[in-house]
Amino acid sequence: SLVSSTALLQTARANKYAIGAFNVHTLEMLQAVVEAAEEAQSPLIIQSTVGTVKHLGADYIAAAATVAANRSSVPIALHLDHCSDFSVIMSCIRAGYTSLMIDASHSPFEDNVAITRKVVEAANAIGINVEAELGKVGGVEDDIVVSERDALLADPDECAEFVERTGVHTLAPAIGTAHGIYKGEPNIDFDRIATIASKVSVPLVLHGGSGIPDEQVKRAVSLGMAKMNVATELRIIFSDAIKQVFAENPDENDPRKYMVPAKQALRSAVLAKMELCGCAGRA
Ligand code: 13P
Ligand code: ZN
Ligand code: NA
């Protein structure tokens, strides 16, 4: 069955690697990341955004992830990405999610503390993981828009106070990454990661994983980032493989014919991310 991500991420932080957390939007995408985890013998976090929960249904996603977990030789957690809606959180928990992110980072600090704490209390009653965000990750995900100007970085002392007061299991501090592909290179504040990691013992989460140069990912992971979220790159790779099939055969009308290459492309991309994060071979 699906497991909570908490223990997986604590082990990752203690051993200085990160677990890849991959956003999926279709059954084939879910299968591709599971196959990659099997091949790499890596622990796995499958993620869905609120938009994808609305698109597919939390119950369908949880059912597919549960089948994967029951068949699999590697530990798999199912995580709800960036959610600010308590009722969506509750319906995902009910469906079987084992990890979730309460994103109240757009609220003032005291409100973020209160909202996160309430979710942690509910999650602790059933033993699932809660991730929260401090500061603001830049870019766009689903309908969450953060202008470059408002993309404020997390304050290390606030991180310590926040973890202490909320009991949150994992923390996503804004440290200069952004959702989507960067124009040029991201401007990651590595000193800030190190300072936060020295004040906070919970696993840290790196958002905006798409487009970060490999060396910068490795450095962030070595400093305490124990989960890396990847979404945009995977959507592009999956969709490009489908586009290529139609470019070569515009009349193709068998979904299996365009899904199989897309799955294969996604699987190799995810394998590469697992090698990069250091979670390959850690199952
Ligand atoms: P990217 O789309 O940049 O990979 O960011 C993913 C993410 O942070 C999901 O929460
Ligand atoms: Zn994110
Ligand atoms: Na990114």
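Bear in mind these aren't lab numbers, they're just calculated from the coordinates by the rules spelled out. Quick caveat: nothing in here was measured; it's all calculated off a predicted structure. For neighbour counting, all protein chains shown are included, and Cβ atoms are generated from backbone atoms with ideal geometry for every residue, glycine included.
Which angle between 0 and 90 degrees, to the nearest 10, do you get for helix 109-126 versus the longest principal axis of the chain when only C-alpha atoms count?
With both axes taken from Cα atoms, the answer is about 60 degrees.
Between the stretch 206-233 and the stretch 16-57, how many Å separate their Cα centres?
Between the Cα centres of the stretch 206-233 and the stretch 16-57 lies a distance of 16 Å.
When the distances between all Cα atoms of the stretch 1-128 are binned every 5 Å from zero, what whole-number percent does each bin get?
2, 11, 22, 23, 20, 14, 6, 2, 0
What Rg and what Dmax come out for the stretch 176-283 when only alpha-carbon atoms are used, in angstroms?
Answer for the stretch 176-283, Rg first and Dmax second: 17.1, 58 Å.
What is the sum of charges around VAL119, taking Lys and Arg as +1, Asp and Glu as -1, for the other residues whose C-beta is under 15 Å from the C-beta of VAL119?
-3
Could you compute the net charge surrounding THR195? Neighbours are other residues with a C-beta less than 12 Å from the C-beta of THR195; K and R count +1, D and E count -1.
-3
Expressed as a rounded percentage, what relative contact order does the stretch 5-277 have, with Cα pairs under 8 Å and six or more residues apart?
Relative contact order of the stretch 5-277: 22 percent.
In degrees, nearest 10, range 0 to 90: what is the angle between the Cα axis of helix 86-95 and the longest Cα principal axis of the chain?
50
For the stretch 46-105, restrict the atom set to alpha-carbon positions and state the Rg and Dmax in Å.
Answer for the stretch 46-105, Rg first and Dmax second: 11.1, 36 Å.
Based on the Cα gyration tensor of the chain, what are the three equivalent ellipsoid semi-axes, each the root of five times an eigenvalue, rounded to whole Å and given largest first?
29, 21, 18
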